[in-house]
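Heads up, the thing below is written out as structure tokens.
The values are calculated or read from the model by the stated rules, or taken from the named source; none is laboratory data. Quantities reported herein were computed from a predicted structural model and do not represent experimental measurements. Don't worry about glycine lacking a Cβ; one is built from the backbone with ideal geometry, like all the others, and counts go over all protein chains shown. Keep in mind that these areas ignore ligands, DNA and RNA; they rest on the heavy atoms of the full protein, side chains included. Shrake-Rupley method; radii C 1.70, N 1.55, O 1.52, S 1.80 Å.
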Amino acid sequence: MAWDEWEQLKADAQSRQQGGATHMRLNQLPDGPGGGSAALPSQTGDLKVTQHDLAKIGSEAHTLYNHLWDKARLSNTSVDSAASDLTTQGFALGAGLQHVSNQWDTQLNSLMDACAQISNHMQVTKKIHAGDDAYFQRQMSSIDTLDAGFDERVGKPGDHNPVYGSSGSQKKH
């Protein structure tokens, strides 16, 4: 870009800025849905996955695994036998058929492993999150009890806090 062009572009930008005209803003999206400002979860919805959802995903992965096992596996003995026969008879197609058979088995095993892993992961995830939910619920309820014990609004300052039972059950010093 020539120096004169650069100077002209700067002058044009300055005149647009001084003239009150709107100008382009870079590196920012407009506010609103999908825009630049971060929306609060209450405005966009929280991510929620139920145990039913996880079970359904795991079940579908298991079903796919079973279908692949039943319908996608090649009869290796017949394919290998055909490849061997073709090779013995001097056809280059035999080696190609054997290569395709080997690649098919490799790819199919990878896909079946992935399905099994998804199915197993969903089972484990259900158990872990159920345990996590129970743990957090216990922790939050104990925090509420502790908070009430330190909250002076429960009773007059200096009086016994009723959260901890009656004052008659305390030891006197």
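The set of residues in the stretch 93-108 being touching a Ser or Thr at 6+ places or on another chain (Cβ under 9 Å) and open to solvent by 90 Å² or more (accessible area, probe 1.4 Å) consists of Leu93 alone.
Picking from residues in the stretch 75-117 that are of a type in the set (A, V, I, L, M) and under 30 Å from Leu54 (Cβ atoms), the one that is nearest to the chain's Cα centre (by Cα) is Ala114. The residue of the stretch 50-66 that is nearest to the chain's Cα centre (by Cα), among those that are open to solvent by 70 Å² or more (accessible area, probe 1.4 Å) and hydrophobic (A, V, I, L, M, F, W, C), is Ile57.
Restricting the first member to the stretch 109-122 and to residues that are free of Cβ contacts under 8 Å to residues at least 60 places away in the same chain, and the second to residues that are assigned to a helix (DSSP H, G or I), the beta-carbon pairs closer than 6 Å and six or more apart or on different chains are Met112/Tyr65; Met112/Leu68; Cys115/Ala61; Cys115/Leu64; Cys115/Tyr65; Ala116/Tyr65.
Regarding Phe91, is this residue at pLDDT 70 or above and in a loop (DSSP other than H, G, I, E, B)?
Yes.
Mind listing just one residue for me: the one in the stretch 67-92 that is surrounded by 13 or more Cβ atoms within 10 Å (Cβ to Cβ) and without any contact (Cβ under 8 Å) to a residue 24 or more places away in the chain and, of those, farthest from Lys126 (Cα to Cα)? It comes out as Phe91.
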